[in-house]
Amino acid sequence: MNKFLFAILFTVLSAAAMAQGPGQPRQSLLKSSIPADSLSYLNPKDYIIGGITVTGTKYLDKDVLITISKLTKGDKINLPGEANASVIKNLYQQGLFDDVQLNVTSINMDTIYLEIAVHELPRLSKLHITGIRKGEIDDVQKKLSDKTNKIVNQNLLSTTAAIIKRHFNEKGFLNTTVDIKQRKDPGDANSIILDVAVNKHEKVMINEVTFEGNKVFSDKKLRKYLKKTRSRKWYNLFGSKKFKQDKYDDDKQNLIDQMQDKGYRDAAILSDTVYKHDDQTVNVHIKLHEGPKYYFGNIKWSGNAKYPAEALTRILRIKKGDIFSEDQLNKRLSGPTPNSDDVSSLYLNDGYLTYQGDPVQTKIYNDTVDLDIRVYEGPQYTINRVILKGNDVTNDKVVMREIRTKPGQKFNKDLLIRSTREISQLGNFDEQKTEPKPTNINPADGTVDIIFNVVEKPSDQIELSGGFGGGQLVGTLGLTFNNFSIRNIFNLKAYKPLPKGDGEKLSLRGQSSGRTYQNYSFTFSEPWLGGKKPIYFAVSAYTQLSSTGQYYATTNPLYNKLRINGVGVTLGKRLNWPDNYFQLNYSLNVDHYNLDNYTGYLFQNGTSYNIKLTQELSRNSLDVPIFPTQGSNMKLTLQGTPPYSLFNNINYAIATPEEIYHFVEYYKVKFDAQWFTRIAGKFVLMSQVRFGWLGEYNSNVPQSPFERFKLGGDGMQSYQFLQGSDIIGLRGYQNFSVIPETAPLGTTADNNVGSPIYTKYTLELRHPVIASESATIFLLAFAEGGNVWDHFSDYNPFDIRRSVGIGARVFLPIFGLLGLDYGYGFDKIPGIPDANKGQFSFSISQSLSGGFN
């Protein structure tokens, strides 16, 4: 009878313990050989727990489960009773099991031994996603990577669906649906595979954006502040018309920032609603609070000892009565400002590394805000050590000589920025990852260390191309080693594959189409001659052969030949006046021309020498070389030959062309300038002007046949490489097709000998697509114009041939800067009817360091 009653009571109490719903764990006390009378619900007894074991676990820690059960060896437990039900409840509430049992393994007098037997819920072994592209699957898998081996329960299913929906909602797919089904993993009985079917549907567009509560700001003005959340209107050329939650969140913050910047410091979004308009569009409604317009009141300074309040107020450039703007206030207190003319720069450039300026609003009355700007100056810091890290290839001295922050100097923020720029100009490091960092700041002795972290990038370049020039196929192979080391030229251990690390540049280039055209050149440059001062040294040499017809048939009227040899040497120096961005270079070049029935110049036969001295004054303040966003690059070039006509006793009125041009004489002036300005977001405007003039000392001496300007096309030398002409690009027109209006009849792009005067203007709007160590890509739209003239009396800088177009630039470290443009010319060229009918142009290694094209 007692055994029967025990069974009934056990069943009832077990059912009560599992009364939370179906699928709950069952409770049992397994007695094995234990007499039934020893465990009676009618007569529960106190036992001492002699030991606890856990069975059935696969992933979970047994000691943790014992802790959760709240059973402790040596504690007393009353069995049968509420204790066994509490153990099961505590474990089951973890959501990790589909069955929990508390068993008695043995009883020894008043000592009891217990077993916790569990069956874990199945775990996720794999997500099988369908309905979207492979790349999208990879993106989703990355966001769900932490779900593998997690318990498959309702929370996991809901979280997985929510993450996928949020991922596509942020991309404008607001109607994304996710259907998840479970199936057993055939390789593991306690694992589940989730089949996830995703349907993005169409992207949701924005039908209309409306506002409520705005009185001062018009709807039109507010919509302009929502740069990425635009109504679906034809005139909204910029800004997304697709609804993206992350962009919308950014726009809401920008909306408030813009209102507050106009003085409405209390501006706030009271509520906003995104609601369905139809299956493909949503409406956005924003309820605003504008509040009153505020103005700056009295501004007081406290804590400033180094500089008087009057000086700080002058730099702050905020007066009583100005429209209140926290954004402008913070910029002028703590920067950054474009010209480093904020208060923080004043302190940081004078060694006060730990400067802080805290504007406290001390009084707000009516529409006025009084401020107390509390300044913490701190000690004046001196640089203790300059540490360089990450230059695995480039020698320390090459980088350290470009760093303007030297040990013993006061800390200076501008010099820190300038040092970063100079390092990037070397071209050996990733500009995005060059990071100067003050460290070991020691207020006790006022010292600080500066660490420059750099990341090497491939800087050597190769040019391997083939193209048509002069009616024949021309192959080009060029190698440029931008971090060469000539001092290790005989050190075989330094070849990896060539000696590197000293910042020198070695360039080798060859072009050939066989026997009819060959061109080889060599250039070596050292930016620090001797290694102690920034004395620039370069030496170059080249040879070129161009011919048509058969060599042996010298009487063949179609036969012609040109041989050019040249050498040059350059010395330059960095200047400190007018500022230290200037460089002055002097070059001496000797070119030897040998013409045999060769057309393309002002004479066809004879030998000519072009001995020229060039002075080049340049200033380059661009922030980075590949994709500049600010700064300028200007260059003034003066070039001339000896005035042979003053002492050679030649009567130029009766002299033959061979006599006139045996030693060519001329002077030449060129001016090139670029300005880069960030105008909005990542858009950068490049403005450029170029001018060139080839003059003569003596009006009786004909103009030089060399050093003339050829305008039109991509600006690459191509088949005309090093043939004594300046090749100036003008996209939208054929190569060399822009000729003077006074050019002789029959002048074409092929027989254009060049002009002595030219002007060119360019506006180019650029936007980056990728900016990384491995590649830089940016898109551009351009408008440019230019023209050439034969005589200065005809020169008119506003009479230009115009073009517009679009293009792209790709910088790959091994190939340099590659460009592709399409331009359309508006102005016809007399005698060349197809010159302006739209042209694709391709360029290689142009515009590096803001170079001119």
Checklist outcome for this item: Only helices counted: for the chain, with every DSSP H run of 4 or more residues adding -39500 (n - 2.57) and the sum spread over all residues, [θ] at 222 nm is -4500 deg cm²/dmol
Checklist entry - Relative contact order, percent, of the stretch 522-647 when contacts are C-alpha pairs under 8 Å separated by at least 6 residues? => result 16
Checklist entry - Contour minus end-to-end for Asp414 and Ala680, with contour as 0.36 nm per residue of separation and end-to-end as the Cα-Cα distance? => result 93.4 nm
Next on the checklist: Quick check: pseudo-label points 7 Å beyond the Cα along Cα→Cβ at Leu508 and Glu422, how many nm apart are they?
Outcome noted: 3.3
Checklist entry - Along its principal axes, what span do the Cα atoms of the stretch 467-578 show, with the longest given first and each in whole Å? => result 58, 41, 24
Checklist entry - Hey, how many Å between the Cα centroid of the stretch 776-834 and the Cα centroid of the stretch 516-541? => result 30
Item to check | Crossing angle, helix 82-92 versus the chain [Cα axis fit, 0-90 degrees, rounded to tens] | outcome: 20
Checklist entry - Between Gln630 and Val689, how many nm apart are label points set 7 Å from Cα along the C-beta direction? => result 2.3
Checklist entry - What list of ³J(HN,Hα) values in whole Hz, one per residue of the stretch 287-304 in order, does the Karplus curve 6.51 cos²θ - 1.76 cosθ + 1.60 (θ = phi - 60°) give from phi, with Gly and Pro shown as x? => result 9, 10, 10, 7, x, x, 8, 10, 9, 5, x, 6, 10, 10, 10, 9, x, 8
Item to check | Fully extended contour minus Cα-Cα distance, from Lys73 to Asn330, at 0.36 nm per residue | outcome: 86.2 nm
Item to check | Distance cut-off 17 Å, percentage of C-alpha pairs in the stretch 205-289 lying past it | outcome: 42
Checklist entry - Gap in Å between the Cα centre of the stretch 410-456 and the Cα centre of the stretch 265-282? => result 45
Checklist entry - Just for the chain, what percent of DSSP beta bridges are antiparallel, to the closest 5? => result 85
Checklist entry - Quick one: length gained pulling Lys433 to Arg385 fully straight, 0.36 nm per residue minus the C-alpha distance? => result 15.2 nm
Checklist entry - Quick one: if you stick a label point 7 Å off each Cα along the C-beta vector at Gln154 and Asn796, how many nm between them? => result 8.4
Item to check | Per-pair calculated FRET efficiency, R0 = 41 Å: Asp341 and Asn90 via Cβ, rounded to 0.05 | outcome: 0.05
Item to check | Cα centroid of the stretch 577-630 to Cα centroid of the stretch 149-180, whole Å | outcome: 63
Next on the checklist: Taking R0 as 41 Å, what FRET efficiency do you get between Arg133 and Phe815 from their Cβ-Cβ distance, rounded to the nearest 0.05?
Outcome noted: 0.85
Item to check | Percent of C-alpha pairs per 5 Å bin, the stretch 123-199, short to long | outcome: 3, 15, 29, 27, 15, 7, 2, 1
Checklist entry - So, by mean Cβ neighbours within 10 angstrom, what's the order for 212-222, 663-673 with the highest one leading? => result 663-673, 212-222
Checklist outcome for this item: Projected onto the charge dipole of the stretch 251-368 (unit charges on the beta-carbon of Lys, Arg, Asp and Glu, signs +1, +1, -1, -1), the Cα from Tyr355, Pro308, Tyr295 with the largest positive-side position is that of Pro308
Checklist entry - Given charges of +1 on the Cβ of Lys and Arg and -1 on the Cβ of Asp and Glu, with all other atoms neutral, how large is the dipole of the chain about its Cα centre, in debye to the nearest 20? => result 980
Next on the checklist: Restricting to Cα pairs below 8 Å that are 6+ residues apart, what does the relative contact order work out to for the chain? Please round to a whole percent.
Outcome noted: 5
Checklist outcome for this item: Distribution output for the stretch 711-827: share of Cα-Cα pairs per 5 Å bin in percent, first bin at 0, values 2, 11, 19, 20, 18, 13, 8, 5, 3, 1, 0
Checklist outcome for this item: Note on the stretch 382-453: contact order normalised by length, alpha-carbon pairs under 8 Å, 6 or more apart, percent, works out to 40
Item to check | Pairwise FRET efficiency - Asp246 versus Lys181, Cβ, R0 = 41 Å, nearest 0.05 | outcome: 0.85
Checklist entry - Out of the DSSP beta bridges found with both residues in the stretch 112-229, what percent are antiparallel (nearest 5)? => result 60
Checklist outcome for this item: A correct Karplus calculation of ³J(HN,Hα) over the stretch 747-761, with 6.51 cos²θ - 1.76 cosθ + 1.60, θ = phi - 60°, whole Hz and x for Gly and Pro, returns 6, 10, 5, 6, 10, 5, 8, x, 10, x, 9, 8, 9, 8, 10
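FYI, it's all coordinate maths here, none of it is from the lab. Note that this is a predicted model, so its numbers are computed, not measured. All Cβ positions, glycine included, derive from the backbone under ideal geometry; neighbour counts span all protein chains shown.
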